[in-house]
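*Asks:* Right, I'll just put the structure down here and ask away after.
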Amino acid sequence: MSGRAEPPVRSIGTDPAAFTEFYRAHVDEVTRFVTRRVADPQLVADLTAEVFLAVIEAAARYRGSFGGPRTWLYGIARNVIAAEFRRSAREQHAETLMAGRRLLDADDIDRLMEQIDAFRQVRELHKMLQALPEGERAVLELVSVDGLTVAEAAAALNIRQVTARVRLHRARQALLPAPVQPVPEEEVVS
Amino acid sequence: MNVSELRPPCGFEDRLEAELVKVVTARAARAARPQRLKRRAAAAMRRPAARAGVLAVGTAVAAAAGFAFGPSLSHRPAAPQTAPSSAGGLVHIRTAAFTVDTYPDGTVHVTWDKSQYIQDRQDIAVLQQALREAGFPVLIKEGVFCQGPHDNGHLGQGGVGPGVGQVMTGENGPDGTVVFTFTPSAMPAGEELFIGYLSPSQLAVTHGQPGSVERLVPTGVPLTCTTQAPLLPHSGAER
């Protein structure tokens, strides 16, 4: 996506041509973003649809972002996924979705399953991060799971870069294995 | 860069693109509507206020849509005419059978005498058009009941399908009227509300339970429709 001129983001909510251009430039990345977090192909389809619906709704409020529309898009995608994880009753929410799963055929499901399988380890990492405080987890997630730079992650989360660096450091520290405590010799049972 | 430089997506992503473009196109149409309606409203205000046969058309919406709110619409007595609204984009319609009003919060309120309303097919067509002009996607039929390809046909109490309560709520008003509030912004993308009113002969079977069926149905795909009126569990109706 990077290195290519982007369509004017603020018009993609009301300009079909601009939206099509934006969608084609980013749909693969959004799908990958979702499959790094979700292992159900039907839910992947729903959430991919919901990310772009959110993009359509939010486009008019776009005010630029470090890293351009890509980081803005990551911020939206992350909010959509986070909202999904917060929902306690999935069935209730299903009624409000575009129901992207409705658009899936057998080939799509096979293809998404391949992608889901490929990201199995990444999803494991993503699960590990859930124990971290939200702010720290968000930065580490975008950097370690999605491959964004710290500056891009800061832009996606709408925080300062120095804040992102501090949070990233704390997150990494928290994930380090606890140091092995030396055992006093008298407690060693031989 | 133009669109042709990007590889068109295939499979699910291609179909999703088509659905989303519909959403954007609809938004573009809504965004353009206020200016168009203002021009129509101005034109309507220039016309003679009391045209023969006009029951009450509060906005340019109905006028521009070519509705003939006159004796040909209904044989029922005409309702009192109301002052037309000059607010662009708003809909205020008074007919003998029902009223349609948009509110600043975006909701659309419809009041009607249901027992009269469902006896007049032209009223149904006019109401459907009025709701659509007010920004609420709806498909209304009489004696025919439609559902989407993935709808299991389940109906809750009162003949209402899943999700309908988010976009439409109703309550009994005074004098036997029914007041419904439609919320266009709550409508899931790519869907519309289907309303199927039972015909008089069907009502005779169900005894008004239900008197109508409401479901959310997908747009742009063929619907499965039947003239078989739904029979709700524990409705007490006989067949």
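*Asks:* With the cut-off at 1.5 for a/c, could you classify the stretch A:120-175 from its C-alpha gyration tensor as rounded, prolate or oblate?
*Replies:* oblate
*Asks:* Separate question: In peptide A:19-31, how many Cβ atoms from other protein chains are near each Cβ within 10 Å, on average?
*Replies:* Shielding by partners across A:19-31 averages 5.
*Asks:* Right, next: For the stretch A:28-68, what does the alpha-carbon gyration tensor say about shape, rounded, prolate or oblate, given a ≥ b ≥ c as the root eigenvalues, a/c under 1.5 as rounded, and a/b over b/c as prolate?
*Replies:* Oblate.
*Asks:* Output the relative contact order of the stretch A:120-175, whole-number percent, from Cα pairs under 8 angstrom with separation of 6+ residues.
*Replies:* After rounding, I find 34 percent.
*Asks:* What is the local net charge at A:ARG172, summed over the other residues whose Cβ is closer than 14 Å to its Cβ (Lys, Arg +1; Asp, Glu -1)?
*Replies:* Every neighbour counted, the sum reads +2.
*Asks:* Listed highest first by mean packing, meaning other Cβ atoms within 10 Å per residue, what order do B:184-193, A:35-44 come in?
*Replies:* My ranking of the peptides, most packed first, is A:35-44, B:184-193.
*Asks:* May I ask you to compute the full-extension gain from A:GLU114 to A:PHE85, defined as 0.36 nm times their residue separation minus their alpha-carbon distance, rounded to one decimal in nm?
*Replies:* 8.2 nm
*Asks:* I've got another one for you. Just order B:124-134, B:158-168 by mean Cβ neighbour count inside 10 Å, highest at the front, would you?
*Replies:* Going from most to least packed, we get B:124-134, B:158-168.
*Asks:* While we're looking at this one, here's another question. Does the stretch B:175-231 classify as rounded, prolate or oblate by the C-alpha gyration tensor (a ≥ b ≥ c root eigenvalues; a/c under 1.5 gives rounded; else a/b over b/c gives prolate, otherwise oblate)?
*Replies:* oblate
*Asks:* Another question about this same structure. Place the peptides B:139-151, A:141-153 in order of packing, highest mean first, counting for every residue the other Cβ atoms within 10 Å and averaging per peptide.
*Replies:* Peptide ranking by packing, descending: A:141-153, B:139-151.
*Asks:* With each pseudo-label sitting 7 Å past Cα toward Cβ, what's the A:ARG123-A:ARG160 distance in nm, one decimal?
*Replies:* So the label points at A:ARG123 and A:ARG160 sit 3.8 nm apart.
*Asks:* In peptide A:42-51, how many Cβ atoms from other protein chains are near each Cβ within 10 Å, on average?
*Replies:* 2
*Asks:* Please report the net charge: other residues with Cβ closer than 15 Å to the Cβ of A:ARG36, K and R +1, D and E -1.
*Replies:* After counting each charged neighbour, the total is -2.
*Asks:* From the backbone phi of the stretch A:31-44, what are the Karplus-calculated ³J(HN,Hα) couplings (6.51 cos²θ - 1.76 cosθ + 1.60, θ = phi - 60°) in whole Hz, Gly and Pro given as x?
*Replies:* The phi angles translate into 4, 5, 4, 6, 5, 6, 10, 10, 9, 9, x, 5, 5, 4 Hz.
*Asks:* Please check which bits of the stretch A:11-55 a label hung off B:THR25 would reach, taking the label as a point 7 Å along Cα-to-C-beta and the cut-off as backbone N under 12 Å.
*Replies:* Only A:16-17 fall inside the zone, counting backbone N under 12 Å.
*Asks:* Taking beta carbons within 10 Å but only from partner chains, what does the mean come to for residues A:103-109?
*Replies:* So the per-residue partner count for this stretch is 4.
*Asks:* Going by how many other Cβ atoms sit within 10 Å of their own, how do A:SER11, B:SER212, B:SER201 line up, fewest first?
*Replies:* B:SER201, A:SER11, B:SER212
Every number in this text was worked out from the coordinates using simple rules, so none of it is lab data. Computed from a predicted model, the values in this text were never measured in an experiment. Note that we place each Cβ from the backbone using ideal geometry, even for glycine, and neighbour counts take in every protein chain shown.
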